[in-house]
Amino acid sequence: MSSTDLVATGKPVRSALNDAHPHVSRLVDYLGGGTDHTPCDRDLADRLLAVAPRLRREVHAHRRHTTRVVKYLASEGYTQYLDLGCGYPYDPDQDEVLHAHDAARTLHDHVNTVYVDNFAPALSRCEMSLAEDVDVAAVLADACEVAPLLAMSPVRKRIDMNRPVAALAHGLLEWVDDHQALDLVNDLHTHLPPGSALAITHSATGTEDESSVLAERALYAAAGLDYHPRSPGHIRALLGRWTVQSPGVVPTGLWGTGHGPFAQRFPADPADFRASYAAVALKTA
């Protein structure tokens, strides 16, 4: 991938690493053991951990989930991927934790993947880490602007819109309001080819962990970050135009348990992951 494949469009974002405001991508990087974060990110993350100690485990659970989901989609024949809101690349901490492109390539020799984020430092790091792979692009774009995103040259170069596409929206929808979330999911359904898939994870309210989720939301709000966890029913409603696949909308830590060749082992403590839900849905004829 050449430097010309890091292409910007959509809404402007803060890009300085020494930004005085916390950023979601850097918070996740810190919680996942990365190095791309600032004192303000670490301060907020530590306060979040005080009310929700599960967050570090959830970051790693989400990474394992991405690997499982992409391997499942690859086993169903998908070789084109859009990773929306990809954030910073990370160093795999164990063999089963792979980025979307690498996970798909465990089953297919030829895979095309486009990583999308609206935070320039994350995309710059992503571009550097993937610089030798011509089948991958990193584009700086607003994932909520689906039609302009799909019209970008690096996307058109790698994604054949005559064949099904697998879109990943892991940990993305909770960072946009209700109208944007519904528009994003519906626009993907409108613009992606028949047979395409959408995989989501989403922070959840209405669970046994309600008090910590509400405390997280208050801390994010105080830091100027809009955070919109939603109930499992609301998450299902967002997918109304899509055909949700088995096992449905379920806790992220349980998705895939007992289902298919890439089923995960049952978590030692599934309660650790009850504040997030996951689903895979298809655009059927």
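The values are calculated or read from the model by the stated rules, or taken from the named source; none is laboratory data. The model shown is predicted, which means the values in this text are computed figures rather than measured ones. FYI the Cβ positions are ideal-geometry reconstructions off the backbone, even for glycines, and counts take in every protein chain you see.
Within segment 113-147, restricting attention to residues that are over 17 Å from the mean Cα position of the chain (by Cα) and under 17 Å from Met161 (Cα atoms), the residue that is modelled with the highest pLDDT is Ala147.
Here segment 244-258 is the region considered, the condition is being part of a loop (DSSP other than H, G, I, E, B) and touching a residue at least 60 places away in the same chain (Cβ under 8 Å), and the residue that is farthest from Asp41 (Cα to Cα) is Gly256.
Which of the residues that make up segment 92-123 are touching a residue at least 40 places away in the same chain (Cβ under 8 Å) and of a type outside the set (A, V, I, L, M, F, W, C)? Across segment 92-123, the qualifying residues are Asp93, Asn112, Thr113, Asp117, Asn118, Pro121. List pairs: first residue in segment 26-37 and under 17 Å from Leu225 (Cβ atoms), second residue among the aromatic types (Phe, Trp, Tyr) and part of a helix (DSSP H, G or I) anywhere in the structure, Cβ distance under 6 angstrom, at least six positions apart or on different chains. That search, which allows pairs on different chains as well, returns His37/Tyr30. When Gly240, Gly253 are checked against the criterion of being at pLDDT 90 or above, on the phi < 0 side of the Ramachandran plot and either in contact with an Asp or Glu (Cβ under 8 Å, 6 or more places away or on another chain) or surrounded by fewer than 15 Cβ atoms within 10 Å (Cβ to Cβ) (or both), a single residue qualifies: Gly240. Is segment 192-206 home to any residue that is over 30 Å from Ile159 (Cα atoms), buried (at least 16 other Cβ atoms within 10 Å of the Cβ) and either in contact (Cβ under 8 Å) with a residue 40 or more places away in the chain or among the acidic types (Asp, Glu) (or both)? Scanning segment 192-206, I find at least one residue that is over 30 Å from Ile159 (Cα atoms), buried (at least 16 other Cβ atoms within 10 Å of the Cβ) and either in contact (Cβ under 8 Å) with a residue 40 or more places away in the chain or among the acidic types (Asp, Glu) (or both), so the answer is yes.
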